[in-house]
Amino acid sequence: MYHFRYGSGTVPFELPDRYRADRIEPQWGPPPQQDPIRAALARPIGSVPLRELAAGKRSAVILVSDGTRLCPAPLLLEPLLDELSAAGLADEQIAIVVALGVHRRHTESELAALVGASVYRRIAVRNHSAREEDNAFVGVTTRGTPVSINRAVLYADLRIATGNIEPHRLAGMSGGAKALVPGVAARSTIEANHALSRSAAAAEPGRLDNPVRADMEEAQRLVPLHFLLNVIADSDRRIVAAFAGETEAAYREGVRRAQTIFFPEAGKEYALVIASPGGHPKDMQLYQSVKTLQNAESVATPGAPLVLIAQCEEYYGNTVMQDWLEHMPDREAMLRRLSASFVLGAHKIGQIAAIAARHPIYLHSVMPQPLVELAGLRHAPDLQATIGGLLAGLDAERARIALMPFGAVTFPLQKG
């Protein structure tokens, strides 16, 4: 019996013993014995300690990831606030901005849970808004991206970025300057930046030499992040490692460590792939769960079925994606428009369509059947029956099955 994470719980399924199943997952290793956050702050990379950097500043802003990420913000914020307090900043001089990009804003209860109750009582916590009127224009990158940034972030004396480092299909890796763009940028900035993913030099997960990441880092030089605290977290949000200091130097040190964790070796040899994003928060929305489908396809043989186990309690999770799927006349019209221009949010429809053209995709979720089918997926309310039906079509002696319990952060490297 297997139990894959599903929302805040698990969902069970069985595979007969005669089938060979391989688990493909990150190699996090044991968490460090000492407090990795305070150790990183005590020995910053390429920077003086934060308390020295903050001395004499009148205001500070801390950027935190939103609730769809694994970053355990409360564990980062308390030590950061201690450093700022030691520098002489009062709580009233500090603000926390949730780097939402174009994700939905958080409710007050979600903000309190995100940063921790004690921090929420002390410090002003704000949702970022990607609306143009809530951001200020600061310049244009050499790749043509107009950069507009959240005013509260732009006008702070001291800008501190937090986040977690894991592979990302557009930016190569999450973390670093990604807290600024797309985190606290205007929609026009985010869309122009993400459109660079259509370039021939598009990103490969784990590699930073791509136009999207380079554009993010150029934007960060227009509005410098003065200090970085990034972590690598496991599926339970336990911190595996932490990196603090000058933004680019600390970030690249973290990337080197992450590259040893998230890229297990696996061949493209599986006749059936069963994958979960890893439960909450990775499977809150279909929008986020598409990443797991991309990773699952990377180990599947041509035409092999993919089974996605994702609760998707927020359904599509993106208003543009929802509007297109529910109101545009047909999928061909959507794909024609996407081929002509990049549309943020709707781009996920193109990603799903590309995979669905090569593999049948079955989704076990709480989404109603019509919404699943509008997205181009097959409704699988009875997970065990779906898996059983797919197994019946396989040769038990020759077929291999891949199990990816943390598919959102598992990026298989091809053997050899």
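No value in this document is a laboratory result; all are computed from the given coordinates. These numbers come from a predicted model, not from an experiment. Heads up, the Cβs are rebuilt from the backbone with ideal geometry, glycines too, and the neighbour counts pull from every protein chain shown.
Results, tabulated for the structure shown:
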{"item": "Packing-based exposure ordering (other Cβ within 10 Å, fewest first) of 324, 28", "result": "28, 324"}
{"item": "Rel. contact order, % - alpha carbon contacts under 8 angstrom, at least six apart, segment 36-258", "result": "25"}
{"item": "Sequence-separation-based contact order of the chain, relative, with Cα cut under 8 Å and 6+ spacing, percent", "result": "21"}
{"item": "Cα gyration tensor, segment 295-355 - rounded (a/c under 1.5), prolate or oblate", "result": "oblate"}
{"item": "Theoretical FRET efficiency, 1/(1+(r/R0)^6), r = Cβ-Cβ of residue 392 and residue 323, R0 51 Å, to 0.05", "result": "0.85"}
{"item": "Amide H contacts of residue 241 (H built 1.01 Å from N, under 5 Å, at least 5 apart or other chain)", "result": "232"}
{"item": "Highest-first arrangement of 74-85, 243-254, where packing means the average Cβ count within 10 Å", "result": "243-254, 74-85"}
{"item": "The chain: angle of helix 331-340 to the longest principal axis, Cα-based, in degrees nearest 10", "result": "40"}
{"item": "Residue 373 paired with residue 237, simple spin-label distance in nm, labels 7 Å along Cα-to-beta-carbon", "result": "3.8"}
{"item": "Listed peptides 20-27, 329-336 by packing density, highest first (mean Cβ within 10 Å)", "result": "20-27, 329-336"}
{"item": "Reference-scaled alpha-carbon Rg (2.2 N^0.38 Å with N residues) for segment 195-311", "result": "1.25"}
{"item": "Kirkwood Rh (inverse of mean 1/r, distinct Cα pairs), segment 36-258, angstrom", "result": "17.1"}
{"item": "Segment residue 82-residue 18, length gained on full extension (0.36 nm per residue, minus Cα span)", "result": "17.4 nm"}
{"item": "Under the Debye formula (equal points on every Cα, no solvent term), log10 I(q)/I(0) of segment 153-257 at q = 0.24 Å⁻¹", "result": "-1.33"}
{"item": "Unsatisfied cross-links (Cα-Cα over 21 Å) in the set 178/348; 178/291; 268/348; 178/282; 282/348; 178/415", "result": "268/348; 178/415"}
{"item": "Cα centroid separation, segment 338-416 to segment 111-143 (Å)", "result": "34"}
{"item": "Net +/- balance of residues flanking residue 50 in space, Cβ distance below 10 Å, scoring K and R +1, D and E -1", "result": "-2"}
{"item": "Lys/Arg +1, Asp/Glu -1 at C-beta; the chain dipole; positive extreme among 68, 94, 138", "result": "138"}
{"item": "Using a Förster distance of 35 Å, the FRET efficiency for residue 313-residue 52 (Cβ separation, nearest 0.05)", "result": "0.20"}
{"item": "Label corresponding to Rg and Dmax of the Cα atoms in Å when calculated from the structure given, among (1) 21.5, 70; (2) 25.5, 84; (3) 22.9, 74", "result": "(1)"}
{"item": "Whole-Hz couplings from phi, Karplus 6.51/-1.76/1.60, listed for segment 7-15; x for Gly and Pro", "result": "x, 8, x, 9, 10, x, 7, 10, 10"}
